[in-house]
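Engineer: Pasting in a structure now, in structure tokens, and then I'll have a few things to ask.
The values are calculated or read from the model by the stated rules, or taken from the named source; none is laboratory data. A quick note: this is a predicted structure, and the numbers were derived from the prediction, not measured. Note that we place each Cβ from the backbone using ideal geometry, even for glycine, and neighbour counts take in every protein chain shown.
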Amino acid sequence: MIIDHLNQTIQLKICYFGPALSGKTTTLKSLFKHFGKEDSVLSIESSIRRTLFFDYGTITFENKQWRLKIHIYSTTGQDFYIITRPATLQGIDGIIFVADSQQEVFYRNLTSWNELCNYFEDLIIILPKVIAFNKQDLPDKFSPTLFLENINSFKFKNFKTKKTVALHGYGVVESFEELIQLMLKKIYNSQIVSIFD
Ligand SMILES: Nc1nc2c(ncn2[C@@H]2O[C@H](COP(=O)(O)OP(=O)(O)OP(=O)(O)O)[C@@H](O)[C@H]2O)c(=O)[nH]1
Ligand SMILES: [Mg+2]
């Protein structure tokens, strides 16, 4: 987070994280499409359109006093490029974990979540985060409750969940808004800056 009082600008970094092929890039692109900025997304991809390093773009909101610039990344889910993930996660203010809700990949989601927790150790407890249970349009899904039980979700703070279908944009903007609210609440509570004046 960068707060520039002189220029009245707050910059936040968020990241879409999750297992291979869960829909991170699709979610990010759908979000940018909603804001009419689809063409501004930078994607570093392999020749078969898998994320090689990250996707990246920015979205800016303004009111009379403050400008809020959000830097948005997605990590690669491919373990072959695992070395790139900590670099992408560096300095983030919030995370959207994109879970693949297909029953057959339930454990892949758990592994990915545990990897995320290991990066942040105890900080993950308070880091603003949303779990997006993606691919809700497909049959044979696991129940979000089962996943939440498996990760002991009761211990997390600044935490929300959403069901999404990134392919159709369903729930994508809502999960992004949930995360922004969690991040702003955290800034507000820490009284770093009074943004709701
Ligand atoms: N049915 C369905 N398919 C989806 C949904 N979201 C993404 N997909 C598909 O899942 C596949 C992977 O999507 P990506 O967005 O590339 O996934 P990713 O998580 O960025 O993948 P990596 O970066 O390679 O880890 C693509 O074929 C998408 O069209 C969804 O909500 N429903
Ligand atoms: Mg991707």
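Engineer: Mind telling me which of the residues 129, 141, 160 ends up being charged (D, E, K, R), out of contact with any His (no Cβ under 8 Å at 6 or more places or on another chain), within 21 Å of residue 68 (Cα to Cα) and at pLDDT 95 or above? Let's see the steps before the verdict.
Structural biologist: Working: 141 fails: within 21 Å of residue 68 (Cα to Cα); 160 fails: within 21 Å of residue 68 (Cα to Cα).
Result: 129 is the single residue among 129, 141, 160 that is charged (D, E, K, R), out of contact with any His (no Cβ under 8 Å at 6 or more places or on another chain), within 21 Å of residue 68 (Cα to Cα) and at pLDDT 95 or above.
Engineer: Taking the range 134-178 on its own, how many of its residues are in contact with a helix residue (DSSP H, G or I) (Cβ under 7 Å, 6 or more places away or on another chain), in a helix (DSSP H, G or I) and exposed (fewer than 14 other Cβ atoms within 10 Å of the Cβ)?
Structural biologist: So the count comes out to 1.
Engineer: I need every pair where a residue in the range 153-175 that is within 16 Å of residue 128 (Cα to Cα) and touching a residue at least 12 places away in the same chain (Cβ under 8 Å) has its Cβ under 9 Å from the Cβ of a residue that is assigned to a strand (DSSP E or B) and of a type in the set (Gly, Ala, Ser), sequence separation at least 6 or different chains.
Structural biologist: That search, which allows pairs on different chains as well, returns 158/94; 161/132; 162/132; 175/132.
Engineer: State all residues of the range 38-79 that are within 16 Å of ligand 2 (Cβ to nearest atom) and either loosely packed, with under 14 Cβ neighbours inside 10 Å or over 19 Å from the mean Cα position of the chain (by Cα) (or both); if no residue qualifies, say none. Break it down stepwise before answering.
Structural biologist: As a first pass, look at the range 38-79 and keep what is within 16 Å of ligand 2 (Cβ to nearest atom): 38, 41-57, 72-79.
Matches in the range 38-79: 38, 42, 44, 46, 47, 48, 49, 79.
Engineer: Just for the range 40-61: of the residues that are in a strand (DSSP E or B) and among the aliphatic types (A, V, I, L, M), which one is nearest to ligand 1 (Cβ to nearest atom)?
Structural biologist: Of the range 40-61, the ones in a strand (DSSP E or B) are 42-45, 51-61.
Those left that are additionally among the aliphatic types (A, V, I, L, M): 42, 44, 52, 59.
Numbers: 42: 14, 44: 10, 52: 8, 59: 18 Å.
Filtering first and then ranking leaves 52.
Engineer: Of the numbered conditions (1) more than 14 Å from ligand 1 (Cβ to nearest atom); (2) surrounded by 14 or more Cβ atoms within 10 Å (Cβ to Cβ); (3) over 30 Å from residue 65 (Cβ atoms), residue 92 satisfies every one except a single condition; which is it?
Structural biologist: So residue 92 meets the others, but not (3).
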